[in-house]
Each structure stands twice: as C-alpha cells, then as structure tokens.
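The block underneath contains the structure these notes are about, expressed in structure tokens.
The values are calculated or read from the model by the stated rules, or taken from the named source; none is laboratory data. Predicted, not measured: the structure shown is a model, and the values here were computed from it. Please note: Cβ atoms are built from the backbone with ideal geometry, for glycine as well, and neighbour counts cover all protein chains shown. To get the accessible areas, we keep the full protein, side chains included, count just its heavy atoms, and leave off ligands, DNA and RNA. Shrake-Rupley method; radii C 1.70, N 1.55, O 1.52, S 1.80 Å.
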Amino acid sequence: MTTTDPLDRFRLDGKVVLVTGASSGLGQQFARALDGVGATLVLVARRADRLDALAAELSAASTISADLGRTDAADTVIQRAVDEHGRIDVVVNNAGISRSITAIDDDVDEFRRELEIDLVAPYELARKAARHMIEHGRPGSIVNIGSILGRVGGGPMRTTAYAAAKGGIHNLTRELASQWARRNIRVNAIAPGWFRTEMNDDMFASDAGQRFITGNTPMGRAGESGELDGALLFLASDASTYVTGHILFVDGGWTAV
C-alpha cells in the first residue's frame, strides 16, 4: 500500500519564488523558510549588500537590487527572474514602507509616494507575474503581505497612508483572485500583527510601545520569529490549491476583539 506524506504538499522543490523586501525583517525570514522547503529564490530589495549576504546563506538564490517605487521596476524584476530561471511560480509581495504622522499634518505628495510603494508596486508586480504565468500556461500563487491595519485603524500609531494602502492590498487580493481563479493563479494575503522589524523598531524599543502591543493583543505578546512561516508556506504551496482571495490574519487575536 502506497502512503503519502501530507507534508509533501508544503514542499516547493523546482519552484521559483520571488520575494520582495528581502533585505531585512519579515522578508529575510520568509526567504529562509522558503529555502527550507526547496524553493529556488529570487530576492529583491534596494540594498544589494544585504541581499548578497542572505543569498550566501541559502541553497539556491539570486538577487535583484531594485527600487520598486520606480515605474519600470516590475518589468525589470520579472524579466531578470525569467531570464535567470526560466519561470516564476510564486510571488511574495512583502516590500513596503511606513511613516508615523497625523492626517492633518501629512503631506499629500508623501502620502502618494507611500501608496505607490505599498499598493501600486505590489499590484504591478502581481500583474506582470500573472501575465507571464498565463502566457506559459502555468499555475501560480501570489502572496501579498497585508496587515492588521488593513482591517482596523491604527489609533495612536498615526499611519494613515500605510493603513490606506494595506486596506487596498486586502481588497486588491480579493479582486485579483476573482479575476485569475480560472487561470489557475491563486492570490491570497497574510495580515501580520506585531512582529519586530526595522519598520516598527521604535514601538518595540519604548516601554509605552511594549505596553500598547501586549495590552491590546489577546495573547499578551508580540509575534515571534518563525510564527508567520506556516501561513506563508501554506499559501505559497500546493497545500492550499483550493484557497484564493483569502486574508489570513496572524495577529495573536488583535483583530478578533
């Protein structure tokens, strides 16, 4: 009798996975998790030295230094990935920025710039990757990185543009999923709660920030390194072939109350 290990469906052997924002924080952790299940990685970020250092740790990884806020970045990234690896199977749209400023005091040009990086750039990369998948008749998975601020307001965090962009990412995920489902391209999102990164280091570094995080998270703590890995591998792999348009919150219960 032949038995099948259900964990095999989480493997990504032979799959080319493009990860943006891979030079630090969640992007680095995502790359290591994907490497652990056999993926061939294309690491994208602005800081080439950090990408090279990460690639040296991994089994099979190439790097592309790019500013995804540039209008031609998506075309360049997709073309280089295809030229080097012949295909793209998974995209992890993780790159982003965040500013803390009240809406009253915000500058509209800075607001637009943040939307360009946090919402427009992921859309453009997903669109160009999906076009490649469709033209070559291949299935694919796109995993967008949203946020708890895609569902609820930030209150004292004052992250107006970031919250607007992440709300957009969540509904963009649903819309693209509905458009591409019959092309066998799945689009889902992970919405993390509080995980320490360069972007939010100030919150973790202050006593008030720590109290805000632990006091408002039902589990009473921030997320720990690796606690997003399961969600990522599920959505990126064949373990979730009947899942699309889903926003998976990994937030210690933040959005449950």
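For this structure, a couple of remarks:
- Scanning region 5-25 for residues that are within 14 Å of Leu235 (Cβ to Cβ) and assigned to a helix (DSSP H, G or I), we see that the one that is least open to solvent (accessible area, probe 1.4 Å) is Phe10.
- Candidate set: region 102-161, residues that are among the polar types (S, T, N, Q) and touching a Leu at 6+ places or on another chain (Cβ under 9 Å); chosen: the one nearest to Thr241 (Cα to Cα): Ser141
- Verdict on Met199 being open to solvent by 30 Å² or more (accessible area, probe 1.4 Å), more than 16 Å from the chain's Cα centre (by Cα) and either closer than 23 Å to Gln28 by Cα or touching a residue at least 40 places away in the same chain (Cβ under 8 Å) (or both): no
- Odd one out for Glu198 among (1) of a type outside the set (Val, Ile, Thr); (2) modelled with pLDDT of 95 or more; (3) in a loop (DSSP other than H, G, I, E, B): (2)
- Close pairs (9 angstrom Cβ cut-off, 6 or more residues apart or separate chains): free of Cβ contacts under 8 Å to residues at least 12 places away in the same chain in region 88-112, open to solvent by less than 60 Å² (accessible area, probe 1.4 Å) and outside any strand (DSSP E or B) anywhere: Arg112/Ala161
- Any chance Val90 is surrounded by 13 or more Cβ atoms within 10 Å (Cβ to Cβ), out of contact with any Cys (no Cβ under 6 Å at 6 or more places or on another chain) and among the β-branched types (Val, Ile, Thr): yes
- Residue check, His132 more than 30 Å from Ala256 (Cβ to Cβ) and open to solvent by 60 Å² or more (accessible area, probe 1.4 Å): no
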